[in-house]
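Okay, structure first, notes after.
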Amino acid sequence: MQISSKTLTQAEIKDKLLGAIVGSAIGDAMGASTEMWTRSDIEDRYGYINGLTPAYRVQSPEGTWEHDLVSGATTDDTRWKYFMGRYLIQNKGALSPDNFASFINTYYDQVVQGLSDDRHKSSTDQLDAQVEKVDWIKEWARVSKAYVLGDKEYQQAQGRFYGGEMSCAGLLYSPMFGLMSEDPVEAYQVAYDHALFDIGYAKDITAMASTMTYLAMHGHDFVAVVDSSLVVDPYGYRDSRLIGRLVQASATDINSLVQSAHDLELSEDEELNIPKGYPDTALDWKKEDHIYKGLEKRQKAIAFHAGEIWDITYASLLYGQGDFRKTMSFIVNYGRDNDTVAAIVGTILGAYIGYDALPDDLKSEVVKVNREVIGIDLEGLAEDLYRASFKN
């Protein structure tokens, strides 16, 4: 399959950049209230989620940094997109694993140094807020600091990252590379090379998320976005002896699962347990439930396993066919690590359809809440990225 790109106008670039960043935050926000839940628990509490719900949860480094936040609040997935945006701007023309590790280490050193701020002596709340920032980055800094020391230290730290066992890491930030790359191969390579925290085929998954995002910015149609990433394989995963390219095998299986769902029919006397608030037909629910059950059979030991994230990502794109709300709702109502998956796919679809085509109710609330409550200016980040890399 030949991969080609469209020539974008400056207005289209700005719209797609903002769409990717806000689309990712929407996905993160839609999953924030039910992250790591089972789909049965989601149905019991919410029925079927079609929009934003308050994040009634305890603060955590990998979640929200405050207790019980309003609808539209985001988690570490959006923090990572913002963090990577600053890295891309600061290191324009000099992206490298060494510079990436240095960027993380510098931030870690700054937040650790902030613990000694005199304000914390009189305000334990301010101390808690600073500790939260340290807790968020310290697992990552353990690896990035070891990367600087050498191979032995790096391999030991990499194996410990969140307990190892294929924890997804690069997927939290790699789609950002796809927004700024010159071609799909570069999108793959730069993401792969920055996958300091991934092991094995998780690196391939991380790199393909970047490639898919690039194609969403430049591809001619939706098929190019979903399938062309599988063609890009500069580091030869297809040639892996005995195993081959696992993510390609997974994509084949997921494609069969989705196609089998599309072939389903509904008998006149068939009774289905349709969640309250489900917006489509009974047959639509039968198809969605069929895909959910197939994904549940493929679940890994941990919900944030890179292979499981890839399964849901690919299934959601095939099922939603570019419909942003339908795709996000599919991901969020499945549960598991739904905010991470929705943030990844939200980046891809946001880049594909652009900011103007995102649902008005979702984008306006997420942009406002992130600016006023979370302290992340999504529009400002998109503008800075545009000025750094695209403005004539």
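The values are calculated or read from the model by the stated rules, or taken from the named source; none is laboratory data. Predicted model only: the values in this text are computed from it and were never measured. In this analysis, Cβ positions are derived from the backbone assuming ideal geometry, glycine residues included, and neighbour counts consider all displayed protein chains.
Summary of computed values
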item	result
Selection from the range 182-197 of residues that are crowded, with 21+ Cβ neighbours inside 10 Å and at pLDDT below 95	Pro184
Elements of type helices (runs of 4 or more DSSP H) contained in the range 61-151, each with 3 or more residues being in contact (Cβ under 8 Å) with a residue 40 or more places away in the chain and out of contact with any Gly (no Cβ under 9 Å at 6 or more places or on another chain)	76-90, 97-113, 124-149
Unmet requirement for Phe390, which otherwise passes all of (1) touching a helix residue (DSSP H, G or I) at 6+ places or on another chain (Cβ under 8 Å); (2) modelled with pLDDT of 95 or more	(2)
Identity of the residue in the range 271-295, in contact (Cβ under 8 Å) with a residue 12 or more places away in the chain, of a type in the set (D, E, K, R) and out of contact with any helix residue (DSSP H, G or I) (no Cβ under 6 Å at 6 or more places or on another chain), that ends up surrounded by the fewest Cβ atoms within 10 Å (Cβ to Cβ)	Lys276
Matching entry among Asp227, Asp221 (being over 20 Å from the mean Cα position of the chain (by Cα) and either under 29 Å from Leu18 (Cβ atoms) or touching a residue at least 24 places away in the same chain (Cβ under 8 Å) (or both))	Asp221
Residue match in the range 107-122 (condition: polar (S, T, N, Q) and crowded, with 17+ Cβ neighbours inside 10 Å)	no
Test: residue in the range 284-293 that is over 22 Å from Ala187 (Cβ atoms) and β-branched (Val, Ile, Thr)	yes
Subset of the range 322-337 (residues that are touching a residue at least 40 places away in the same chain (Cβ under 8 Å) and either under 16 Å from Gly47 (Cα atoms) or of a type in the set (Lys, Arg) (or both))	Arg325, Met328, Ser329, Phe330, Ile331, Val332, Asn333, Tyr334, Gly335, Arg336
Sole exception among (1) farther than 26 Å from Phe177 by Cβ; (2) buried (at least 19 other Cβ atoms within 10 Å of the Cβ) for Ser24, by number	(1)
Selection within the range 40-60 - touching a Gly at 6+ places or on another chain (Cβ under 9 Å) and surrounded by 16 or more Cβ atoms within 10 Å (Cβ to Cβ)	Ile42, Tyr46, Tyr48, Ile49, Asn50, Leu52, Ala55, Arg57
Positions within the range 160-212 being farther than 18 Å from Ala141 by Cα and of a type in the set (Phe, Trp, Tyr), in sequence order	Phe177, Tyr188, Tyr192, Tyr201
Test: Gly150 is surrounded by fewer than 14 Cβ atoms within 10 Å (Cβ to Cβ) and within 30 Å of Glu182 (Cα to Cα)	no
Ser229 being under 16 Å from Gln189 (Cβ atoms), of a type outside the set (A, V, I, L, M, F, W, C), modelled with pLDDT under 95 and surrounded by 23 or more Cβ atoms within 10 Å (Cβ to Cβ)	yes
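The rows are residues; the columns are (1) over 19 Å from the mean Cα position of the chain (by Cα); (2) hydroxyl-bearing (Ser, Thr, Tyr); (3) modelled with pLDDT of 95 or more.
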residue	(1), (2), (3)
Lys16	no, no, yes
Ala20	no, no, yes
Ile26	no, no, yes
Gly31	no, no, yes
Gly47	yes, no, yes
Ser60	no, yes, no
Thr64	no, yes, no
His67	yes, no, no
